[in-house]
Amino acid sequence: MTTPDIERRERYWDTRIGVDGRWRVDHATGYVGPPPGADLAAMRTGLGRTPGEAWAVWTFSVSEVDEHLARQDRMSAEQRAEHAALALYGLHQQSQSTPMHKSGVRPGQALRALRATGKFSEQAVDRRVDAAATATRAEALHIHLRGLVTQLRAVAQPLDYNTLLEDLREFEHPDGRRRVRRRWGRDYYGWKPDADPTP
């Protein structure tokens with residue numbers, strides 16, 4: 001059961017970035033451009049902290065509250081994933097003039113693009129990606145992603161934060177971890193389905 005009378009809002013990055021991958025116009029002010037630095041700084045307070053520890057991150061949360069878990073002072077997998085995704089987005093978008101959320105760019109694809117830039121050694125990127133993909137706990141994955149997102153920011157490589165959030169949510173469960181690893185592996189190593197499969 002969820003808390004009533006809280007209208008489902010768009011995720012923060014979706015309020016700022018249109019489906020075309022460009023900054024949205026704020027019709028109240030006419031402003032077009034990156035989010036306020038204070039917003040991003042507030043999100044970054046969630047890095048390395050558990051959901052609920054970083055008070056400022058709550059402002060940007062839109063996940064519904066599970067009443068049963070809340071009564072036990074626990075958070076849902078979606079809330080934990082949203083906390084991590086917001087913190088990582090705050091890190092990724094920091095000092096960037098172009099959007100670092102881009103619909104359709106799955107995490108494995110973004111990491112493959114990072115590897116291809118040549119800015120970092122391929123072996124070093126491979127090791128980081130391997131450490132992230134083989135993490136056995138969501139918290140460990142978040143730590144590894146922090147380093148990878150810092151590298152993505154260095155090459156201005158965006159990714160789809162809605163997809164990342166969903167992957168982080170799934171990663172909380174053993175079956176979900178396996179699915180996330182398969183998706184990331186296919187994307188990172190460039191598997192593509194046959195254009196014209198034979199029956």
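Answer yes if at least one residue in the range 73-88 is in contact with a strand residue (DSSP E or B) (Cβ under 7 Å, 6 or more places away or on another chain), surrounded by fewer than 19 Cβ atoms within 10 Å (Cβ to Cβ), in a loop (DSSP other than H, G, I, E, B) and free of Cβ contacts under 8 Å to residues at least 24 places away in the same chain, and no otherwise. It would help to see each step written out before you state the result.
Filtering the range 73-88 down to residues in contact with a strand residue (DSSP E or B) (Cβ under 7 Å, 6 or more places away or on another chain) leaves 76.
Filter again for surrounded by fewer than 19 Cβ atoms within 10 Å (Cβ to Cβ), leaving none.
No.
Among the residues here, residue 39 qualifies as outside any loop (DSSP other than H, G, I, E, B), over 16 Å from residue 161 (Cα atoms) and modelled with pLDDT of 85 or more. State whether the residues of the range 159-174 include one that is of a type in the set (Lys, Arg) and surrounded by 19 or more Cβ atoms within 10 Å (Cβ to Cβ). Yes, that holds for at least one residue.
Per-residue answers, yes or no, for (1) out of contact with any Phe, Trp or Tyr (no Cβ under 7 Å at 6 or more places or on another chain); (2) modelled with pLDDT under 95; (3) β-branched (Val, Ile, Thr):
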| position | (1), (2), (3) |
| --- | --- |
| 93 | yes, no, no |
| 99 | no, no, no |
| 107 | no, no, no |
| 126 | yes, no, no |
| 138 | no, yes, no |
| 141 | no, no, no |
| 144 | yes, no, no |
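Is the range 146-159 home to any residue that is touching a Ser or Thr at 6+ places or on another chain (Cβ under 7 Å) and over 23 Å from residue 80 (Cα atoms)?
Quick first cut of the range 146-159, residues touching a Ser or Thr at 6+ places or on another chain (Cβ under 7 Å) only: 155-156.
Among the residues that remain, those that are also over 23 Å from residue 80 (Cα atoms) are: 155-156.
There is at least one residue in the range 146-159 that is touching a Ser or Thr at 6+ places or on another chain (Cβ under 7 Å) and over 23 Å from residue 80 (Cα atoms).
The single condition among (1) within 18 Å of residue 21 (Cβ to Cβ); (2) not in a helix (DSSP H, G or I) that residue 92 does not satisfy is (2).
All of 164, 111 fail the test of being over 28 Å from residue 52 (Cβ atoms), assigned to a helix (DSSP H, G or I) and either modelled with pLDDT under 95 or under 13 Å from the mean Cα position of the chain (by Cα) (or both), apart from 111.
Determine whether residue 156 is outside any helix (DSSP H, G or I), surrounded by 12 or more Cβ atoms within 10 Å (Cβ to Cβ), at pLDDT 95 or above and at positive phi.
Numbers: outside any helix (DSSP H, G or I): yes; surrounded by 12 or more Cβ atoms within 10 Å (Cβ to Cβ): yes; at pLDDT 95 or above: yes; at positive phi: yes.
Yes: the conditions hold for residue 156.
Matching residues to (1) surrounded by fewer than 12 Cβ atoms within 10 Å (Cβ to Cβ); (2) farther than 10 Å from residue 90 by Cα; (3) touching a residue at least 40 places away in the same chain (Cβ under 8 Å):
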site	(1), (2), (3)
18	no, yes, no
24	no, yes, no
33	no, yes, yes
43	no, no, yes
47	no, no, yes
51	no, yes, no
58	no, yes, no
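The values are calculated or read from the model by the stated rules, or taken from the named source; none is laboratory data. It should be emphasised that the depicted structure is a prediction, and the values quoted were computed from it without experimental measurement. FYI the Cβ positions are ideal-geometry reconstructions off the backbone, even for glycines, and counts take in every protein chain you see.
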